[in-house]
Structure formats: structure tokens, C-alpha cells
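Take a look at the structure set out below.
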Amino acid sequence: MENAPPLEIVNQAIFTLHSNSNTKDKNEASKWLDDLQKSIYSWKIADELLQQKRDLYTCFFAAQTLRNKIENSFQELPVSSHQSLRDSLLAHVGGITADTDTIIVTQLCLALVDLALLLSSWKDPVPMILENLSKDESILTLLEIFILFPEEIDSRFLRLGSNRRKEINEHLKANGPQISEFLKFCMNSYGANPRYMNKILKCFNSWVRYSLVSPEFIGTSPLTQQVFSLLNSPDTTRELHDTAADCMCTLLTTFLLENIVHNQNPPQQGITEMDIFNGILALENAYHTSVAHEDTDKVSNYCRIFTVLGETYVEKMISSEMTPHYSIKALDLVLVCVGHFDYDIAEITFNLWYQLSDELYTKNSDQLNSFFKPYIERLIGALYRHAKMESDHTGLIDETESFYDFRQKVSQLIKDVAFIVGSGSIFKQMFLILQEPSTTWESTESALFVMQNVAKNILPEENEVIPKVVEAILNLPENTHIAVRYTSIMLLGELCDWIDSHPQSLQAVLNFLLFSLQQKNGLAPAAAISLTHICSANREQMTYHITGLIEISRSLDNFEISNELAIGLLKGFSLILSKVQAPQLQPVLREICSFQFLPLARIVEEVSVEAVQKGERNDPSYWIDRACAIIRHTNPNIRSTDIHPSVQILTDAWPLLSQVLEKYQTDVRIIERTCRLIRYGLRMVGKQASHLLEPLVKQMVLLYNQHRHSCFLYLGSILVDEFARLDDCINGLLEMLKAFIEPTFNMLQMDNGLKNNPNTVDDFFRLCSRFIECLPIAFLQSPLVTPIFQCALLSCSLDHTDAHTSVMKFFCNLLKCGKPNYRYPEIRDIVRGIIAQNGDALVVNLIHASIFYLHSYMLPDVADVLYELKLVDKDNMEKYLCTALDALPKKNSGGYVTATQQQLTAFKGSMLRADAVKAATIALKDFTRLYR
């Protein structure tokens, strides 16, 4: 946008966006307004719109624009405009009335708070804001501002840097007493109004959560007592109850945990640890009252509080093996909530049980486990009750239902805590329920469901209960509820290890599962899953059932199962094939593969590209994915001197796969899957497939030039890995790389080319790394290295996880070739020459990317490169670091210092002293926080 548009045109665009029914006009208005917001003129326009106060939409647009500009484009403003912006914002915020929409209020308050955080020249924002807005009509606005202040300090968009955050924290802490007095005043003056009280408590919560007020204030504040009072009162409004519950959870995790549980000094006066603990125990009566009134929102709040209390005390609960800590009583409160009829309430507590389980697993103490065993037994009993289906439910649980998701979470929790009680004990506990004469079908199904989740952990030699359960399942009456049958089938699959130890039961189980697999009532998926488990666990014994497995493979499309489950079955069958002797393997493998390749061949001949229906049987991917499962998981033990039984199968399949690549070359989904199948085939037979290299590479290069599918680059890296050690393949592989480079670079050099094609970056540098690993001399002596290195330098700032990892690995592999002890001296000199030319640029790009573009979890890879560079070129590393640090901005757009000279020097010293990648990573992460 070259010029500032007239205000009337802006108003018209906003009106069109919100009030025009014409979609085209709305889209054009939206795009125009987006462009306006990105322009320098939007600062002044937003200010003028707020002064006009024309209507809700223009005010919201203006407030949102100001907030976004401050957050993302503050550097656009000259320093001379900072004070006028501050004064203008204070005026706009001061003009907020009771009629101002809450969305506009929030945006304006956020804009003011963000400005205060960014603007170093604004020395005392808290006292100034209090002074400017201390009038009755602005109290709610003030509270909103002070709710936001602590929360915005850690905003990832503002990139304040650790120095500024520390400075702001100190300022807020210094003003903590003033805020404390302000909150007391508000409570005394406006506390009778629930709307005001809600804001007051939210502000109190915000300052407590970020430790900006003293423990003494928290301990003696009437607000702390007010939280208990509101939670104990049945007349508290739901909104205020939610806020009070939030406050209580914050008091537990901040005040109690940090100051008492972690052995810090308690406040000199006021509320104590036992006061809080006993006060929460006393909330049990309020909980039961809410249950009686069927107020689920309040019940949920109490459950949250009890759960957080338990989480706060977990370390204390397990601190002694002699006597249980008194805080174990919190688990009784939590279990009361778990017993509530609504399973959503029980789910709130799950994190506590995971936390307790992790701690007990780490402690590995039988004595401690015995303390908690009764609680876990009660938990399992409650989960069994919650997992029950409704008695009038006629079918299976729909996977789209929330109850299905809940049962999945129950399944994970049972598996996690089972060791505390013992899987065998749980299994027996549920078996007793099955034996009760009056057990209903839903109780039976739920007991089987619980048994299913612990079955794999039961010792295979168990002979007391499991044989009876298996026999009962195999002899289920015809009229058994389908859900019971379904869960019984799933339980058999989880007992696969036990079945492996009891081969006499295998035939009967297989007959039962095959019968279930042929059913049309929804049981087939469970049978497929269980059969897959049994195939994986019983490979040796299942080799005697190969004929049956071939027939199942032939009939897969006659079963009511998804293609995903069919692929799972083929995976299980393939694991069994791996145990078959080589002479018998080829005909069996060929036959099972033919069940996939024959339909694929028909599709290639008969189905046009346009007629393909994704995921249907006329989709080539449908059959390719099945073939992938077979090839990937068939790993027979073949001596390197013997001909692999799959070589001829792969050779015979190549013309068909080549046809697929040719015909569906525009469909990246089909091409990726075909490349994956070829990849698994090459991995299986290795060098024995070298005769396929030339035709494969020719077709890959041709198609890549036309369509830029990055999967060809990935497949190229596999070819290098498998065939680089064959002398007659080296030239072909280098020619392949050369052919890939021009189209790759052309694509990446376009506007946003790197950002828009991260998969290409990932696969290309993986390919280059494979060349360094497998063909270092041929690769590094070629003229291709320099442009590839330059491309890698440009890719440093790409924040795509896989692409970033591949680029950094490329640098590391290259640098390792320059180490003094590298086996090829001529290569070592080439690498050192590359470093001499590009060392400065490499470190500058890596440091700049780490600070401004990359996520924190990506920094270890960067540190790895810097550490390798230091090992290769220790003499120049300090110079490289100095160049990179000198190029960094010393001050932020807000005028505050990002990194002092002392901090820059400390970082440089830490990097130079680092004796391992971990030390370099810590130094880099600490340094980047100065700018984030």
C-alpha cells in the first residue's frame, strides 16, 4: 500500500466485510484490510478510528490493529513516536465505558500492556496506569490490565528477551505491595458485586501465579480467605466459583508447593500449610452439596482442587517407606470424585494417577506400593464401573462417541497403574465379577475390558484363571451380546504371549478368530486385530498354518475390515514368513504378493488417472500399501552369499511399478507410496537388485524434472546407501545427484521457496549426507559441493523440524571429514578449504537462525554443528563467533539492551570451553533467551 487511504474508504471496507452478503466483495474487503494492517499507515488510521468511535466493527478493527502492530511491527515506529503512542493508548483505554464491548476492551488493554513491556523509556508503567485510571468507571479496566501484565511477560510474540523480562519482573514485584493494596481496596469497595469480585480474584490469581506478590501478602490477604469462603458457599455464582477454583489451584501449585512442600520458609504470619490442607478437606461437604444439587460445573471445580492438592503432595506422599504421609488423605478425596456417576469428572483426576504411578515406578519399592495398593484397587473398581456400557445399548460403541474416547483413556491409565496392584491381581478381581451368578452383560463386558488391558503383563505360566477365561470365550453362547463377544475377541489377542506358551490352545483360538473374521456384524475388525497380535507373538508355531494364512490373504476383501486392518494382518503374516526356510519362502511370498500386484496391474490397464477414488479398491495406493506391508516385514535370515528369494519377485514387479510411476506421475500420493514400496524392496534384497538401478534412476530423474516430487530424492538416498560400494554404480549415482540439483535449486530459489518446500529440503540434504557417508571422495571432490553448501547456508533459518535436522546433519557429516584423524587426507584438505571460505557465514547464519527463527527444541542440532566446527577449526572459532556476535542487534526496537557486552563475552567463552555437545547446547539456549 503506497499511500494512506482516506478514512471513509477504510470504514466502507469494514462495513463490507461485516455487513455485505456478497462473498466476493467480503473476500476483497478482507484482503484489502489485511494489506492495510501490514502497512505503516495503519498506526495512524487505527488511532483515528478509535477517536471516532463510529461503531463496534470499526472500533474492534482499530483496537485489534493497534495490538497486532505493537506485538509484531513495533520496529516500524520511530523512537520519537513512542511517547505519543503511549499517551494516545492511555487516552483510549481511559475512554472505555460500561457499554464498550469486552472484545475491544481486551484488545486495547493488551495493546497498552504490550507497549509497556516493550518500551524501555516508560520507566514506571504500573504507578502511571494506576494514577491515570483510578476512577470508579475505570476500575474494571484497571483490573483487566493488571490481569494481563504478568501473563504477557512470557508472550512468545513480543520477544522481550531475558534481560527485559527480568527488568519487568523486578518492576512488578517492586509494585506488588501497591497492587496488593489496590486489590484490598477493590474488594472492600466493590466486592459485593459478583462481576467486580470475579475480576479482582482473576487479578489476584495472575499475580500469585507468577510469584509477583509476597508470601506474607498471600497468607494474610482477605482475598485468600475469600476464596475459601466462596468455595464453601452454595450461593456462589458459577462464574465466580470457576475463578475461585482457579485461584485455589494456583495457591496450591505456587504458594503451597514452592514455599512449603519444597522446604522454603513459610510466611511469618497468616495461613499455614495445614490451614490450606484442612481447608480443602473441609470442602468435601460443599462437594456433596453440589452433587445433591446436580451442579456438575461446581463438582468439576472441586474435583480439580482435590486433584491439584494430590499432585502438590505426591513427592511428600512417597517420601517415606516407614509411615504414609498424612497427605495421602488427599487420595480419598480424589477417589470420592472418581466415584461420581459422570465419567468426565473421573477423567479430571487421571493426571494425578499418572504422576503417582511415575514416581512409584521410579522408586521401585514394594513397601511404598503396598501403601498405595488399596487406593489403586478402589480406582480400578471405579474405572470398571465407569467403563460399563448402558444396559439398553444394542450394538458396539461408536468410535465417534465421547464414551469411546474415555474408554481409550481408561485403557491407558489401567496399563500405567497396574504394576502397583499387580496385573494378575486385577485379572483375578475381574474374573470374580464374571463368576457372579447375577452378572449382567454390561458388567461382564466391562470386566473383560479391564482384563484386556492387563492381559499382556500376566506371566505366561499362569494356569489358574486364564485357561478358564479362554475356554469360556471359545464357548460363548450364540445369544451373547455382541459387545461381550467383541471385547472377548480383543482379550484373546492380548493373551498372545500366554497362547505362545500354551501351543495346545492355538488351533482352537485360530478357529474361533477365523469364524469371527468372517462375520458381518462388526466382529471382523476385532478378529483381525487379535489375529495380528497372535501372528506377531507366535511366529514359530504359526509357520505350520501357512496354508491357512495364504487363504486368508486371498480372501481379505471378503472380510468386513478396513484396509488398515488388512495391512496389519499382512504385516503379521509377513513376520511369520520371515521364519520360513528360504526354499519354501519364495513361492509363498510370490503368491501373497500376487494378491496385491494382480489387482494393481488391472487398475493400471483399466482405470484412468481421473477415475481414481482415494482409499477405494480402484486406487493404486490401496494395493501398494498392502504390498509394502508384506515386503517391509518379511526379513528372512539369508546368508549374503545366497541369492535372496525375493530378488526375482522384485525384478518381475519392476515393469508394473514403472508403469505406475509413469501413469500416475502427477499424483504425489501414489508416487510416494510407490517409491516407498521400491525402497522396502531394495532394502530387503540389497546389492542383489543392482540390475534395477539404471532403469530406476533414469525414470526418477525424468519424473523429478517434470514434477519435483521430493520422494525421488529420498529414494535416491536409499540407492546411495545400498549401491555406493559397488564400483560400477558410483558414476551413475553421481550423475543422478547432478541431475537432481538444477530443478531442486530452481525451486528453492523462488520466493519463499525454502519455506514452501520443506520436504524437498529435508530429502535433498538427506541425500547429500548419504553421499558424504558412503561416497566421501567422489562427492567432495566434485564441483557440486560448493553450491550445495551455499544452499545449506540459506536453509539454516528454515524452522521445519525434519528439514532442519537434515541440514544440520549435512553440516556435521561434512565437518567430520575435516577432522585431523579423518581417513582420507585429500578430503580433509577440501573440507578445510570450504570452512576457510564459509566459516564466518556458517556461524553467522546459525546464530542468527537460532535467535530469530528456530524453535528451542531445534537448538541441540545447531550446537552439534558449532561443536564439530570448533573441533575442526579451533584456531578460527573465536573469530567466527566474534563476527556473528558483532552482527547482532545490541538493542531492541523498544530501546532496551538485548545482550550486554558481558553476556556476549560469556556466551563466546562458554562455546569455546564446551567439552561436549550438551554443554554447547546449554550455552546456546541460555544465549538465545536474551533475544526471545
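The values are calculated or read from the model by the stated rules, or taken from the named source; none is laboratory data. The shown structure was predicted, so the numbers you read here are calculated from the model rather than taken from an experiment. FYI the Cβ positions are ideal-geometry reconstructions off the backbone, even for glycines, and counts take in every protein chain you see. Just so you know, the surface numbers come from the protein's heavy atoms only, side chains and all, with ligands and any DNA or RNA stripped out. Shrake-Rupley method; radii C 1.70, N 1.55, O 1.52, S 1.80 Å.
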Q) What accessible area per residue comes out for the range 5-94, rounded to a whole number of Å², with a 1.4 Å probe? A) 52
Q. How many Å² of accessible area per residue for the range 194-341, probe 1.4 Å?
A. 41
Q | For the chain, with +1 on Lys and Arg beta carbons and -1 on Asp and Glu, the positive-most of Gln699, Gln584, Phe419 along the dipole | A | Gln699
Q) Considering only the other residues whose Cβ falls under 14 Å of the Cβ of Asp87, what net charge follows from Lys and Arg at +1 and Asp and Glu at -1? A) -1
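Apply the a/c threshold of 1.5 to the C-alpha gyration tensor of the range 453-605 and tell me whether it is rounded, prolate or oblate.
oblate
Order the peptides 361-367, 277-283 from the highest to the lowest mean number of other Cβ atoms within 10 Å of their residues.
Values: 361-367: 10.9, 277-283: 17.0.
Output ranking for 361-367, 277-283: 277-283, 361-367.
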Q.
Taking only the Cα atoms of the range 727-803, how large is their convex hull per residue, in Å³?
A. 84
Q) Can you list the residues of the range 293-312 with backbone N under 18 Å from a point 7 Å past the Cα of Ser402, pointing along Cα to Cβ? A) 294-304
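Per-residue counts of other Cβ atoms within 10 Å, averaged by peptide: what ranking do you get for 632-641, 177-186, highest first?
Details: 632-641: 13.9, 177-186: 17.3.
Averaged packing, sorted descending, gives the order 177-186, 632-641.
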Q: Would you be so kind as to identify which of Ile777, Phe789, Asn838 lies farthest towards the positive end of the dipole of the range 758-916, taking Lys and Arg as +1 and Asp and Glu as -1 on Cβ and the Cα centre as origin?
A: Asn838
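Write down the accessible area per residue of the range 381-443 in Å², having rolled a 1.4 Å probe over the full set of protein chains.
50
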Q | Viscosity 1.002 mPa s, 20 °C: Kirkwood-radius Stokes-Einstein D of the range 1-61 over Cα pairs, µm²/s | A | 183
Q. Going from most exposed to least, what order do Tyr57, Tyr857, Tyr287 have by accessible area with a 1.4 Å probe?
A. Tyr857, Tyr57, Tyr287
Q.
Just to check, using Stokes-Einstein with a Kirkwood Rh over alpha carbon pairs, what's the diffusion coefficient of the range 364-417 at 10 °C and 1.306 mPa s in µm²/s?
A. 123
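Placing unit charges on C-beta atoms (Lys and Arg positive, Asp and Glu negative, everything else neutral), compute the dipole magnitude of the chain about its Cα centre in debye, rounded to 20. List each step's numbers first, then the result.
Numbers: 83 positive and 109 negative charges, 487 e Å.
Using Cβ point charges on Lys, Arg, Asp and Glu, the chain gives about 2340 debye.
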Q. Mind checking which lysines have their C-alpha under 23 Å from Lys428, skipping anything on the same chain fewer than 8 residues away?
A. Lys373, Lys388, Lys409, Lys415, Lys456, Lys468
Q) Using mean Cβ contacts within 10 Å as the protection proxy, how do 223-236, 374-387, 401-414, 470-483 order, highest first? A) 374-387, 223-236, 401-414, 470-483
Q.
Can you divide the C-alpha Rg of the range 795-909 by 2.2 N^0.38 Å and report the result to two decimal places?
A. 1.13
Q) Rg (Å, one decimal) plus Dmax (Å, integer) for the alpha carbons of the range 447-519? A) 11.6, 32
(Q) Viscosity 1.002 mPa s, temperature 20 °C: what is the translational diffusion coefficient of the range 73-194 from Stokes-Einstein with a Kirkwood Rh over Cα pairs, rounded to a whole number of µm²/s? (A) 141
(Q) I need the fraction of alpha carbon pairs in the range 407-530 separated by more than 18 Å, rounded to a whole percent. (A) 50
Q | Enclosed volume per residue, in Å³, of the convex hull spanned by Cα atoms of the range 605-675 | A | 96
Q) Based solely on its DSSP helices, what 222 nm [θ] is calculated for the chain when runs of n ≥ 4 H residues each add -39,500 (n - 2.57) and the sum is averaged over all residues, nearest 500 deg cm²/dmol? A) -22500 deg cm²/dmol
Q: Just need the relative contact order of the chain here, percent rounded to a whole number, with Cα pairs under 8 Å and 6+ apart.
A: 7
Q: Please work out which option in (i) 34; (ii) 44; (iii) 24 gives percent of Cα pairs over 54 Å apart calculated from these coordinates, and answer with its label.
A: (i)
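What Kirkwood hydrodynamic radius, in Å, does the range 586-630 give when the mean of 1/r is taken over all pairs of distinct Cα atoms and then inverted?
Evaluated on the range 586-630, it is 10.8 Å.
Once neighbouring chains are kept in place and the probe is 1.4 Å, which whole percent of the accessible area of the chain is contributed by carbon and sulfur?
49
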Q. Considering the range 184-254, what Rg and Dmax in Å follow from its alpha-carbon atoms?
A. 11.2, 31
Q: Specify which residue in the list Ala455, Phe431, Leu474 is farthest towards the positive end of the charge dipole of the range 407-492, using unit charges on the beta carbon of Lys, Arg (+1) and Asp, Glu (-1), about the Cα centre.
A: Ala455
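For the range 329-399, compute Rg over Rh where Rg is the Cα radius of gyration and Rh is the Kirkwood radius from the inverse mean 1/r over Cα pairs.
With Rh from the inverse mean 1/r over Cα pairs, Rg/Rh is 1.07.
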Q) With a ≥ b ≥ c the root eigenvalues of the C-alpha gyration tensor of the range 1-120, is it rounded (a/c under 1.5), prolate (a/b larger than b/c) or oblate? A) oblate
Q: Assign one of three labels to the range 135-285, namely rounded, prolate or oblate, based on the Cα gyration tensor with a ≥ b ≥ c the square roots of its eigenvalues; rounded applies when a/c is under 1.5, prolate when it is not and a/b is larger than b/c, and oblate otherwise.
A: oblate
Q. Ratio of the range 291-445's C-alpha Rg to 2.2 N^0.38 Å, to two decimals?
A. 1.09
Q) When the Kirkwood hydrodynamic radius is evaluated over all pairs of different C-alpha atoms of the range 204-244, what value in angstrom, to one decimal, is obtained? A) 10.9
